[in-house]
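The structure appears right after this line, and notes come after that.
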Amino acid sequence: MCFIGRPCLFAILATKWPPRTLGWGIRTDFMQKIQLRHAFGRRNSEKVTCSITPDRGIYLSNRLSLIMYSSKIDRIDCVKQSLMKRRSVRTFTDQKIEQPILDDLIDVAKYAPSGSNWQNQRFLVVTDPEEIQKIGKIRFVWPYKSANVDRVKEAHPAGILGHGAALIVVFADAAKNDARGNGEYYMWEALETQNCSASIQNILTMAAAHGLGSCWVSASEKMNYSRMLSGKTWRDALSSYDIPSTYKMQGVVVLGYPKSYDEAGYAKGEKLHGATDWVSTERQENSHYLINKRDVNASNFDSGLGRNEAFFVLAYSKMIKLLLRLVSYFDRRIHKIEYVRHLGK
Ligand SMILES: Cc1cc2nc3c(=O)[nH]c(=O)nc-3n(C[C@H](O)[C@H](O)[C@H](O)COP(=O)(O)O)c2cc1C
């Protein structure tokens, strides 16, 4: 083995290829061309020439697909690290986020998948510190339910959002859904949230890769109870922006440079979260999240409710379901009438 280019070495190490099956002779010419001699098992050595493509992928004959792993492993590792090392960060330094990085975040946000290919995700990027404070004050959220609200409000007058160097407010343009006009609006409403959630996750992943801290902060059109919004609506908070009436708020991402990093250079997040209870943000074994085949011998689910309580819970939930069906029935009727009118135009 005369010389091993670094990616190739990674390939061999990372695939844990049993060394006895391989004999490698690799020469690199500034990583542009690799001349590679290999022998698998008892097969005689042969010479294969391959080149590294500009994106670091390696083109070679299919016999040597192992080498492809060198760039593939980089890719897999990068993505997996950014996904797994992302942690919610809620306090930041004062450092501003550079515009190309913000552009990057929007680039990946718009490439998120979207149901029916609506591409209806819309983004408002706020970097002006005064605006951030104003929005944070209106949408004040004290960190944890059990916290002393007055004391926290004094220490963090603009809540979590106020700490950010940038906010990305994510909207779904409901016009895309509404345009169906066939009484299916509610059926597909969830897609608005799902599309935006996909974008938000892309933003968080990319932010992690850039070494930024980020936190997905709950927001929705329906969230206008006074505790969360200081008695004001999202429209009040964002009145200085030109937001079409069809845009529906789906979430906010608060971003900034973190106060500390982990050993791999990713923003350090909190180990506990206490919105309802203090719970660890560490993840459990895969088996905790995976669904098993039903055990036919297992006893029925026990809700822990007494007989009377269980009866009322069941009765209320049936009533609510019925009401929702009624609302959705009338909604469909109205949409159908509108649709017919629209066709007649
Ligand atoms: C839909 C959604 C809404 C969230 N809303 C908030 C929020 O309003 N405030 C907050 O501090 N964290 C919020 N988070 C972040 C979660 O608290 C956090 O993801 C969770 O505690 C796990 O921690 P980790 O992100 O560090 O793994 C939200 C996360 C999601 C997915």
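Extending 7 Å from the Cα toward the beta-carbon at both R75 and E263 defines two label points whose distance is 2.9 nm.
Between K96 and T193, the modelled labels are 3.7 nm apart [label points 7 Å from Cα along Cα→Cβ].
For Y247, nonlocal amide neighbours, meaning residues 5 or more places apart or on other chains whose placed amide H falls under 5 Å from its own, are A174.
In this structure, the pairs whose alpha-carbon distance is over 23 Å, taken from K232/K271; K72/K96; K110/K336; K153/K259; K80/K110, are K232/K271; K72/K96; K110/K336. Site pair V279 and E131 shows an inter-label distance of 3.5 nm when each label is modelled 7 Å from Cα along Cα→Cβ.
Values in this text are rule-based calculations from the coordinates and carry no lab data. Because the structure is predicted, anything quoted here is derived from the model rather than measured. Methodologically, a virtual Cβ is constructed for each residue, glycine included, from the backbone with ideal geometry; neighbour enumeration extends over all protein chains shown.
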